[in-house]
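For reference, the structure discussed in these notes is given below.
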Amino acid sequence: MDDLFAPLTTPRRESLAEGAVLLRARALPFETILLAALDAVIAASPFRHMVTPGGYRMSVAMTNCGAAGWVSDRSGYRYDPIDPVTGRPWPAMPDGFLTLARAAADEGGYTDFRPDACLINRYEPGARLSLHQDRNERDFGHPIVSVSLGLPATFQFGGLKRTGPVRKFRVLHGDIVVWGGSARLRYHGVAALKDGNHETMGRQRINLTFRVAR
Ligand code: SIN
Ligand code: FE2
C-alpha cells in the first residue's frame, strides 16, 4: 500500500539549506483563525504601497502588526512602533499568529521564538519582491518565519551573496518557511505572481513574516 501511494504524497518537510526548512501545509489547521485575525489587522492598519529609498513604489502592498512594523520611505528602511499612515501604534500581534509562529520556529529547530514584528505582504498578480536579505533586525540570532496564504508563488532562496545560484520552491496556501542560523542572511525573493483565483483568498497571495526586530 505504501509503495502504491508514496509517489502521490508530498513530503511534509523539505530542507532548503542548512538551517532552513519548508513545512508543507503547516498553517492549514490555523486557517480560520489567521484569516479572521488578518481582517482585524487590515481594518486597523490597511495595506499600502511603500516607496523605496530610491523612490520606487513597491509592487507588493504591506502592513504590519506587533510592537514594531517594517517601513520603507525616502529616508530608508527601518522598524517603527508607529504606523505612519494612521499615526497610531500597529495593531497588536494576534494570539493565533504568535502561537503558529512559535510552533513553526520550534519545528525548524529554533526554540523560544518571540517575534515582536509581523510584516504582512499582499501580492496581486504581477507583484514581486526582488532578492534581498532581511537585515533591519537588531539580532540575527533569531530566525524568520514566513507563512504563505492564497495563490501559489515561486519563492527564491539564494546564498549569502546577491549573485550566485538561487533555488526555487513553489509555496502554496498554508506552507511555512523557517530560516535562521547559518541561513539567516540568505538572499530571498518572490517571482512575479501568476494570475489565478484561490478558493478562499481570491486573486492574491498574502505572506506573513515573523521577526524579532528589537
Ligand atoms: C519577505 O521576504 O519579506 C517575504 C517573502 C514572501 O513573501 O514569501
Ligand atoms: Fe525578506
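The values are calculated or read from the model by the stated rules, or taken from the named source; none is laboratory data. Keep in mind it's a predicted model, so treat the numbers as computed, not measured. All Cβ positions, glycine included, derive from the backbone under ideal geometry; neighbour counts span all protein chains shown. Note: areas computed on protein heavy atoms with side chains; ligands, DNA, RNA excluded. Shrake-Rupley method; radii C 1.70, N 1.55, O 1.52, S 1.80 Å.
Scanning region 133-149 for residues that are within 10 Å of ligand 2 (Cβ to nearest atom) and not acidic (Asp, Glu), which turns out surrounded by the most Cβ atoms within 10 Å (Cβ to Cβ)? This residue is 144. When 113, 155 are checked against the criterion of being part of a loop (DSSP other than H, G, I, E, B) and either more than 10 Å from ligand 1 (Cβ to nearest atom) or surrounded by 15 or more Cβ atoms within 10 Å (Cβ to Cβ) (or both), 113 stands alone in meeting it.
Scanning region 21-58 for residues that are closer than 12 Å to residue 100 by Cβ, open to solvent by less than 50 Å² (accessible area, probe 1.4 Å) and either assigned to a loop (DSSP other than H, G, I, E, B) or among the aromatic types (Phe, Trp, Tyr) (or both) yields 27, 30.
Would it be correct to say that residue 99 is more than 16 Å from ligand 2 (Cβ to nearest atom) and open to solvent by 70 Å² or more (accessible area, probe 1.4 Å)? Yes, satisfied.
Which residues, taken from region 87-102, are more than 20 Å from residue 43 (Cβ to Cβ) and either in contact with a strand residue (DSSP E or B) (Cβ under 9 Å, 6 or more places away or on another chain) or aromatic (Phe, Trp, Tyr) (or both)? Quick ask: steps written out before the conclusion?
Let us first name the residues in region 87-102 that are more than 20 Å from residue 43 (Cβ to Cβ), namely 99-102.
100, 101, 102 - these are the residues of region 87-102 that are more than 20 Å from residue 43 (Cβ to Cβ) and either in contact with a strand residue (DSSP E or B) (Cβ under 9 Å, 6 or more places away or on another chain) or aromatic (Phe, Trp, Tyr) (or both).
Within region 182-203, being crowded, with 19+ Cβ neighbours inside 10 Å, assigned to a loop (DSSP other than H, G, I, E, B) and either among the β-branched types (Val, Ile, Thr) or away from ligand 2 (no atom under 12 Å from the Cβ) (or both) holds for one residue alone: 193.
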